[in-house]
Amino acid sequence: GENVGLHLPTLSVQEGDNSIINCAYSNSASDYFIWYKQESGKGPQFIIDIRSNMDKRQGQRVTVLLNKTVKHLSLQIAATQPGDSAVYFCAENIRENSGYALNFGKGTSLLVTP
Amino acid sequence: DGGITQSPKYLFRKEGQNVTLSCEQNLNHDAMYWYRQDPGQGLRLIYYSQIVNDFQKGDIAEGYSVSREKKESFPLTVTSAQKNPTAFYLCASSSRAPADTEAFFGQGTRLTVV
């Protein structure tokens, strides 16, 4: 079936630099996307979401960009800090049997070095 | 505090035994979900429920069973039919389905078969 995938499994950046994490999706019917952050041994935490009627949304130090033409999603983290080190997942809503659920990609591990 | 609680945090099971993982939420959410996460992997959907007394199979439902007798609770039973049950199990809830709002996750249960 259609799925969500990530271009880079690991990303290493220096503290203070900007980070960009990419995600490709193939379900053209998806209309809602979320970025989650997962620290080791914990559940994923919501970072930011975007609906398909938007192409950009900004939060505190984070920006999500959506390009529906090429089915691409990205998460930009400004002035990356050591506390940003984690695995980042993108998720899209997909139709499952008689309902909808969130489908997750494999994740990108972000390592912030001092 | 409002939130979603999974218990226990760590669980050990002997081969051939069934085991039930607890998930409780006090967020008044209609939809609840169970995901499985293997090391270095993304989240795969096991079961989801959009409303009390209703639930649907996800991508990897074989060897698992659920119930949704109360809005607050969505327990997952890992049966002896599940061939490779050792994994990190995550429960989530969202205010409504279709899944067009963020899902809140519990802290997970790490199940090990010994």
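The values are calculated or read from the model by the stated rules, or taken from the named source; none is laboratory data. For clarity, every value in this text was computed on a predicted model and none was experimentally measured. Neighbour counts run over all protein chains shown; Cβ positions are idealised from the backbone, glycine included. Quick note on the areas: whole protein, heavy atoms, side chains included, nothing else; ligands and nucleic acids left out. Shrake-Rupley method; radii C 1.70, N 1.55, O 1.52, S 1.80 Å.
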Exercise. Taking into account only those residues within segment B:42-68 that are under 13 Å from B:LEU90 (Cα atoms) and not aromatic (Phe, Trp, Tyr), which is modelled with the lowest pLDDT?
Worked result: B:GLY42
Exercise. Got a number for residues in segment B:100-114 being in contact with a Leu (Cβ under 7 Å, 6 or more places away or on another chain) and more than 14 Å from chain A (Cβ to nearest Cβ)?
Worked result: 0
Seminar exercise, completed: Sole miss for B:TYR10 among (1) touching a residue at least 60 places away in the same chain (Cβ under 8 Å); (2) open to solvent by less than 10 Å² (accessible area, probe 1.4 Å); (3) over 22 Å from A:ILE47 (Cα atoms) is condition (2)
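I need the full set of residues from segment B:56-85 which are open to solvent by 50 Å² or more (accessible area, probe 1.4 Å) and not aliphatic (A, V, I, L, M), in order please. Step through it out loud before you land on a result.
Restricting attention to segment B:56-85, the residues satisfying the condition of being open to solvent by 50 Å² or more (accessible area, probe 1.4 Å) are B:57, B:59, B:62, B:69-72, B:80-81, B:83-84.
Answer for segment B:56-85, where residues must be open to solvent by 50 Å² or more (accessible area, probe 1.4 Å) and not aliphatic (A, V, I, L, M): B:LYS57, B:ASP59, B:GLU62, B:GLU69, B:LYS70, B:LYS71, B:GLU72, B:SER80, B:LYS83, B:ASN84.
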Problem set entry | Pairs, first among the β-branched types (Val, Ile, Thr) and open to solvent by 10 Å² or more (accessible area, probe 1.4 Å) in segment B:26-55, second in a strand (DSSP E or B) and modelled with pLDDT of 95 or more, C-beta under 7 Å, six or more apart | B:VAL52/B:LYS70
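Give, as residue ranges, the strands (runs of 3 or more DSSP E) completely inside segment A:22-114 that count at least 1 residues that are open to solvent by less than 20 Å² (accessible area, probe 1.4 Å) and within 14 Å of another protein chain (Cβ to nearest Cβ).
A:32-38, A:45-51, A:62-67, A:86-96, A:99-104, A:108-113
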Seminar exercise, completed: Selection from segment B:1-56 of residues over 26 Å from B:THR112 (Cβ atoms) and part of a loop (DSSP other than H, G, I, E, B) yields B:ASP1, B:GLY2, B:ASN26, B:LEU27, B:ASN28, B:HIS29, B:ASP30, B:VAL52, B:ASN53
For this session: Scan segment B:38-75 for residues that are among the small types (Gly, Ala, Ser) and under 24 Å from A:CYS90 (Cα atoms) and jot them down.
Result: B:GLY40, B:GLY42, B:SER49, B:GLY58, B:ALA61
Problem set entry | Number of positions in segment B:63-99 that are of a type in the set (Val, Ile, Thr) and within 14 Å of chain A (Cβ to nearest Cβ) | 1
